[in-house]
Amino acid sequence: MEKEHVLLLIFSFFVLKPIAGANDDCLPASCGPHEPQVRFPFRIHGRQPAKCGFPGFALSCDERNQTIIRLPSSRSYIVKRISYVSQVIYIDPEFCRPNRIVGVNLTDTPFLFSTLRRYTFYNCSLQNYGFMYPAVPFPCLSSGNYSVIAMRTGIFSPEYMPLNCEVMNTIVVPVRLNSDFRNELQLMWFTPYCRSCEMEGKACGLKSDDGQTFCVGSSRGIPKGAKYGLSIGIGVPALICIVALVCYASSRVQDHNDANNQSIDLFSIAIIPQPRTGLDGPTIESYPKTVLGESCRLPNDDGTCAICLSDYKPKESLRTIPECNHYFHSECIDEWLKLNATCPVCRNSPESSALVTPCSSASSSSGSVDSS
């Protein structure tokens, strides 16, 4: 019986300790049940240590359990959602709050603007509101005597504005094409670069010494409490079975004095990695590569990369999948094809298409897409 107690203590140390260690403070967290999941490079200040996030990416929770980001301009914004694959964070401009008709200041932040739009806010008498097409109304800032509207600069000439409309402010905001800037603005980040880890379904981590990132095995999406429950629910029965097996084997050896001692290797289960399903480097490089011209026009009239969801800009390098003629940012589609052998838009497999000839590849690689 004493031997069984010793074995129990040994296995408790080697089995339960790693299980408890898996529940560290860097697991994904959130401010509330309906709030965005917060994980690297972001962290919740006061709930997750500094090692769990990247400098400049600290978030916080307000008294209503909303996720808040504070920019160096001392303004706070509600975080509506975070796209870790696209590396975009969406914030609520809260124009309806007092003194909030201002632009977003990203000075000394790790974030960048995506597509910028300039809007001018007007205070107009109610009878003139009908002439303000294509105005963006703000009922929350209006009253029975006047209406507050916003007009995108360059769409409507100022000399055609009614005389009873007064300029309140002109701001520049980052807003995605065809989206409503009253609801959300978008900020992008490129450092740290975790898109490849996210596309592989892995988590991104921070190296302690040089500030570089690396991919680690991911268990994203499972709350800390659920992880602890799963660890106990699976670990304890497994521990009991292991101890019983060891005690049974030990008693058999002692009772029968078996000369051919058999050892039970409890840790011989090999983890076989899943084979990669993407394309190799030479195959990816054989697909046509172009440089976008000043007009940003493409043959298929598609102005947005379907992987990073960003609009194409002049001088950017694009790559085409020959099978379906879909365009993407070169760096985006290269990472995608290393992991997936299908087009991210139509899901057709470019692997079955005939490779381009060296002449056509060279021509496409040095070409430029431009239409005037």
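When SER219 is tested against (1) at pLDDT 70 or above; (2) within 24 Å of the chain's Cα centre (by Cα); (3) part of a loop (DSSP other than H, G, I, E, B), exactly one condition is not met: (1). Any residue at all in segment 12-29 that is in contact with a strand residue (DSSP E or B) (Cβ under 9 Å, 6 or more places away or on another chain) and at pLDDT 90 or above? Yes - at least one qualifying residue is present in segment 12-29. The lone criterion from (1) more than 16 Å from SER196 (Cα to Cα); (2) not in a loop (DSSP other than H, G, I, E, B) left unmet by TYR287 is number (2). The residues of segment 33-50 that are in contact (Cβ under 8 Å) with a residue 40 or more places away in the chain and within 16 Å of THR109 (Cα to Cα), listed by number, are PRO41, PHE42.
Checked against the criterion of being part of a helix (DSSP H, G or I), at pLDDT below 85 and either loosely packed, with under 15 Cβ neighbours inside 10 Å or among the polar types (S, T, N, Q) (or both), the candidates SER364, SER368 yield just one match: SER364.
One line per residue, one yes/no per condition, for (1) surrounded by 10 or more Cβ atoms within 10 Å (Cβ to Cβ); (2) modelled with pLDDT under 85:
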{"site": "VAL253", "(1), (2)": "yes, yes"}
{"site": "ALA259", "(1), (2)": "no, yes"}
{"site": "LEU279", "(1), (2)": "yes, no"}
{"site": "PRO282", "(1), (2)": "no, no"}
{"site": "PRO288", "(1), (2)": "yes, no"}
{"site": "SER295", "(1), (2)": "yes, yes"}
{"site": "ASP301", "(1), (2)": "no, yes"}
{"site": "CYS332", "(1), (2)": "yes, no"}
{"site": "SER349", "(1), (2)": "yes, yes"}
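In the condition set (1) of a type in the set (A, V, I, L, M); (2) at pLDDT below 85; (3) not in a loop (DSSP other than H, G, I, E, B), LEU309 is compliant with all but (3). With a requirement of 3 or more residues that are in contact with a helix residue (DSSP H, G or I) (Cβ under 8 Å, 6 or more places away or on another chain), buried (at least 19 other Cβ atoms within 10 Å of the Cβ) and in contact (Cβ under 8 Å) with a residue 40 or more places away in the chain, none of the strands (runs of 3 or more DSSP E) lying completely within segment 51-119 satisfies it.
Please work out which residue is surrounded by the most Cβ atoms within 10 Å (Cβ to Cβ), limiting yourself to segment 303-330 and to residues that are of a type in the set (A, V, I, L, M, F, W, C) and closer than 25 Å to MET188 by Cα. In this case the residue turns out to be PHE328. Taking segment 149-171 as the range and being farther than 17 Å from GLY103 by Cα and assigned to a strand (DSSP E or B) as the test, the residues that pass are CYS165, GLU166. Considering LEU185, LEU206, the condition of being within 19 Å of the chain's Cα centre (by Cα) and closer than 15 Å to LEU116 by Cβ is satisfied by LEU185 alone.
The values are calculated or read from the model by the stated rules, or taken from the named source; none is laboratory data. Not measured: the values here are computed from a predicted model. Cβ atoms come from the backbone with ideal geometry, glycine included; neighbour counts cover every protein chain shown.
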